[in-house]
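**Student:** Please find one structure pasted underneath; my questions will follow.
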Amino acid sequence: MTTRVVRATCLGLIVLGSAFDAAAVDRNRELPALTGYTDRLSVAPGETIRFMVSTTEPEYDVQIVRLVHGDPHSRGPGYKAEVVELPVAGRHPGRRQELHPGSHILVPDSPALQPKSFTLQAWISPTTPDRGVQGIITKWDDRSGGYGLFVAEDGSVALWVGDGNQVDKVSTGTPLIAARWYFVAASFDAERGRVSVLQEQVTPWPTGDSVAAVSRPTKLLAPGRNASPLLIGASAGPEGAVRHYNGKVDSPRVFGHALGNDDLDTLRQDGSPLYLGVPLLAAWDFSKDISTTSVTDASPNGLHGRTINMPMRAATGHSWTGKETHFKNAPLEYGAIHFHDDELVDAAWEVGFELEVPSDMRSGIYAAHIKAGSDEDYLPFFVRPPKGTTGARIAFLIPTFNYQAYGNFTTGIPGLLGLYDYHSDGSGVAYASHLTPLLDLRPTLAKERSTTEEPFARHLSADLYFVDWMESQGYEYDVITDHDLDSEGAELLAPYKVVVTGSHPEYTSERMLDGLEGYLKGGGRLMYLGGNGFYWVTSRSTDRPEILEVRRWGGTRRWEAAPGEYHHSTTGELGGLWRARGRAPQRLVGVGFTAQGWTAAGRCGLGRPYRRQPGSFDPRASFIFEGIGKDEIISDYSSLGLGGGAASDELDRTDHSLGTPIHALVLATADGFSRDYQHVVEEVLGMNASRTEAGNPLVRSDMVYFEHQNGGAVFSVGSIGWMGSLSHNDYDNNVSKITGNVLRRFAADEPLPLPQP
């Protein structure tokens, strides 16, 4: 394995607008002509990583590069990377690969699902009934027929029955009202030659047309047999298309008999389907196995299924009373699953090429740089040391949870959704996967702009500023990721003298917090060089570890979970903010989210410099300010893309009531921000005109330092924009100097001074 250095202005600079208005998102964008993803984000030497690539060209070229700097700003250090000479480099055959979004349940074919007479019954709450034909419970094939319960073209409930030659499509003709619960049933009576359909609002008053029913003769003798699986929340369509359903389905059942009014009334009153005295073919209970992809059939036939593309579970059902808000305490009230026509958690593309990481490949941030015709793309991945080993005293903790959450930030491409998106039915996206293209996880991305319309770095491209700075200063370091920390906890961190965060570690799991707290208690030292960190409760599915879940409520949020749906389906834990669970960021790193600088037009306000505070003159902090003047203003120069200061984008402050240690030193503070910077909504208990004016004392960024037990310590800067100031003036600036002072001391064996009683 050999390397050669590339230093150049980046080709293919991506500069896009950004808006926080969901209505402004163009949902008709197409997949780029060249793109791809990896089957994992973190990989160790000796392990294999696979790359899935889609291109409109017959061939594409591959080059593996170690990323040093992405730099979307022309005044920065420029694109830097080392080309790693590996056998995988070169030309590969291309193929166009497609996205197939839409969530549903798949139940394998069974003889029990081939009845002569039947009844389909469920409770449904459709969210887009006006959006054409949608499958609810279907055993259907357009060629050989079958049967199915549908939302019809006119938005009403319909039954389809066919034998390959003839198809009866019977609907109530009364459009469903979006987001209302309905008791629905449809039957085929082979003996009487009759089909019937019923839809009834669960809470009808005071609206009219609460009940709609139709029953008429049919010439069909029996539904056609097919080998297709039974689908819930979808139906097979022509040429591989799928008619997906948007909305909730609760307690779907299939009976091998045409039920009469008395039996339907029993079901309407939530009576058990097991004791009607008629053949029960299947009765799926969505309140069971909520934290998995398994779907349980409670009937004697055991026709269990599995979810496809992660429809949302732990969803309130038709009988939810609001007396309990945790699905574990009232499981029967959480018998619903919310399906979406644009959900995608596994693109399932064919492998384009794979890389067995060489044993001598240094830990770092890498990418497969792919080119086809005039198009190029980067597929990043992160090489960690082999488990149980380290190569340095410094660990750079890459915020891969954050990268995954923002990986498709309002792309407008159906199926490529991030945790800031809305589904097509208006509900928030609660799950994000890395087994799809993450179009915003790119080293050269400049998607965001300041209020002066300058592009600036965020996420991966921002964190590369720190990589470039460490390289320029000669530091040796290992790269580890959130995914590694979530899997291994404090054991992963223990060998390192100092752990440094990325610029925006917003999404954090309980295992990650426990790992960081355990590391500090064991004498570890943490540098939090970002802002808005350790904010959202984030869980990782044990059934599908590539999937992250977030349920937003109570914080500064893009969308909010529905009432009763604040607990995560994957773990059962309460979602929302960590501060709502007594684990505010101040408790871990001394500061926590206090303001954001984003305008309604999606532009970021300009930054501000820091001024030294009395805590900076405490002898305990003297090592931090070596070479810094007593009255020197910190970052009193243009930060790349965000104007004059390293405090920018999103800011953190101290707060003893939220857990800032009493012995923490406030070293410096940035304030005086424009009204583009607003106080976080979770702390606004009342609203008046003064709340939106500039000068709020809580709109500030605090730099803090405090010691931990057993020789540990924490240094925090309270700003996403800090890293963007490191390279100013060829790295000769006071942000660079302070960062270096702390990193050198934290990485050394020399003990830190302790506070005096």
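**Student:** Would you mind finding the one in VAL214, VAL195, VAL249, VAL202 that is without any contact (Cβ under 8 Å) to a residue 60 or more places away in the chain and either surrounded by fewer than 20 Cβ atoms within 10 Å (Cβ to Cβ) or within 34 Å of the chain's Cα centre (by Cα) (or both)?
**Tutor:** Details: VAL195 fails: either surrounded by fewer than 20 Cβ atoms within 10 Å (Cβ to Cβ) or within 34 Å of the chain's Cα centre (by Cα) (or both); VAL249 fails: without any contact (Cβ under 8 Å) to a residue 60 or more places away in the chain; VAL202 fails: without any contact (Cβ under 8 Å) to a residue 60 or more places away in the chain.
Just a single option satisfies the conditions, and that option is VAL214.
**Student:** Just to be sure I understand, how many residues within segment 598-631 are crowded, with 20+ Cβ neighbours inside 10 Å, out of contact with any helix residue (DSSP H, G or I) (no Cβ under 9 Å at 6 or more places or on another chain) and assigned to a loop (DSSP other than H, G, I, E, B)?
**Tutor:** Total satisfying the criteria: 3.
**Student:** Still on this model: What is the one condition in (1) closer than 18 Å to VAL107 by Cβ; (2) surrounded by 13 or more Cβ atoms within 10 Å (Cβ to Cβ) that ALA227 does not satisfy?
**Tutor:** If we test ALA227 against (1) closer than 18 Å to VAL107 by Cβ; (2) surrounded by 13 or more Cβ atoms within 10 Å (Cβ to Cβ), just (2) comes out false.
**Student:** Pick from segment 661-690 the residues that are assigned to a strand (DSSP E or B) and in contact with a Lys or Arg (Cβ under 6 Å, 6 or more places away or on another chain): which of them is nearest to GLY615 (Cα to Cα)?
**Tutor:** Going residue by residue through segment 661-690, those that are assigned to a strand (DSSP E or B) are 665-670, 678-679.
Narrowing further to those that are in contact with a Lys or Arg (Cβ under 6 Å, 6 or more places away or on another chain): 668-670.
Details: ALA668: 8, THR669: 11, ALA670: 14 Å.
The residue in question is ALA668.
**Student:** Within 30 Å of GLU85 (Cβ to Cβ), of a type in the set (A, V, I, L, M, F, W, C) and modelled with pLDDT of 95 or more: which single residue out of ALA348, ALA368 fits that description?
**Tutor:** ALA368
**Student:** Only one of (1) on the phi > 0 side of the Ramachandran plot; (2) touching a Lys or Arg at 6+ places or on another chain (Cβ under 9 Å) is not met by ALA747, so which one is it?
**Tutor:** Evaluating ALA747 over (1) on the phi > 0 side of the Ramachandran plot; (2) touching a Lys or Arg at 6+ places or on another chain (Cβ under 9 Å) leaves (1) as the failure.
**Student:** Considering only segment 654-661, I want to know if a residue exists there that is crowded, with 22+ Cβ neighbours inside 10 Å and either under 30 Å from ARG449 (Cα atoms) or outside the structural domain of ARG583 (by TED's automatic domain parsing) (or both).
**Tutor:** Step one: of segment 654-661, the residues crowded, with 22+ Cβ neighbours inside 10 Å are 654, 660.
Keeping just the survivors that are either under 30 Å from ARG449 (Cα atoms) or outside the structural domain of ARG583 (by TED's automatic domain parsing) (or both) gives 654.
Yes: one or more hits.
**Student:** Mind checking whether some residue in segment 168-189 is without any contact (Cβ under 8 Å) to a residue 60 or more places away in the chain, closer than 30 Å to TRP320 by Cα and in a strand (DSSP E or B)?
**Tutor:** Looking for residues that are without any contact (Cβ under 8 Å) to a residue 60 or more places away in the chain, closer than 30 Å to TRP320 by Cα and in a strand (DSSP E or B), one finds at least one in segment 168-189, hence yes.
**Student:** Quick one: would you say LEU516 is within 25 Å of GLN596 (Cβ to Cβ) and more than 13 Å from the chain's Cα centre (by Cα)? Steps first, please.
**Tutor:** Numbers: within 25 Å of GLN596 (Cβ to Cβ): yes; more than 13 Å from the chain's Cα centre (by Cα): yes.
Considered against the rule, which asks whether it is within 25 Å of GLN596 (Cβ to Cβ) and more than 13 Å from the chain's Cα centre (by Cα), LEU516 comes out as yes.
**Student:** All but one of (1) buried (at least 22 other Cβ atoms within 10 Å of the Cβ); (2) more than 16 Å from PHE593 (Cα to Cα) hold for GLN709; state the number of the condition that does not hold.
**Tutor:** Going through the list (1) buried (at least 22 other Cβ atoms within 10 Å of the Cβ); (2) more than 16 Å from PHE593 (Cα to Cα), GLN709 breaks only (1).
**Student:** Could you tell me how many of the residues in segment 633-653 are assigned to a strand (DSSP E or B) and either on the phi < 0 side of the Ramachandran plot or surrounded by 24 or more Cβ atoms within 10 Å (Cβ to Cβ) (or both)? Talk me through it step by step, then tell me what you get.
**Tutor:** Of all residues in segment 633-653, those assigned to a strand (DSSP E or B) come to 634, 639, 643, 647, 650-653.
Adding the requirement that they be either on the phi < 0 side of the Ramachandran plot or surrounded by 24 or more Cβ atoms within 10 Å (Cβ to Cβ) (or both) leaves 634, 639, 647, 650-653.
Here the count works out to 7.
**Student:** Any residue at all in segment 15-29 that is β-branched (Val, Ile, Thr), buried (at least 20 other Cβ atoms within 10 Å of the Cβ) and either at pLDDT 95 or above or assigned to a strand (DSSP E or B) (or both)?
**Tutor:** Within segment 15-29, the first condition is being β-branched (Val, Ile, Thr), and the residues that meet it are 15, 25.
From what's left, buried (at least 20 other Cβ atoms within 10 Å of the Cβ): none.
No, segment 15-29 has no match at all.
**Student:** Output the residues belonging to segment 710-728 that are in contact with a Leu (Cβ under 6 Å, 6 or more places away or on another chain) and β-branched (Val, Ile, Thr).
**Tutor:** VAL714, VAL717
**Student:** Mind listing whichever residues of segment 302-341 are in contact (Cβ under 8 Å) with a residue 40 or more places away in the chain, more than 25 Å from GLY418 (Cα to Cα) and either of a type in the set (Val, Ile, Thr) or assigned by TED's automatic domain parsing to the domain that holds GLY415 (or both)?
**Tutor:** THR325
The values are calculated or read from the model by the stated rules, or taken from the named source; none is laboratory data. Note that the structure is a prediction, hence the values are computed from the model and not measured. Note that each Cβ is placed from the backbone with ideal geometry, even for glycine, and that neighbours are counted across all protein chains shown.
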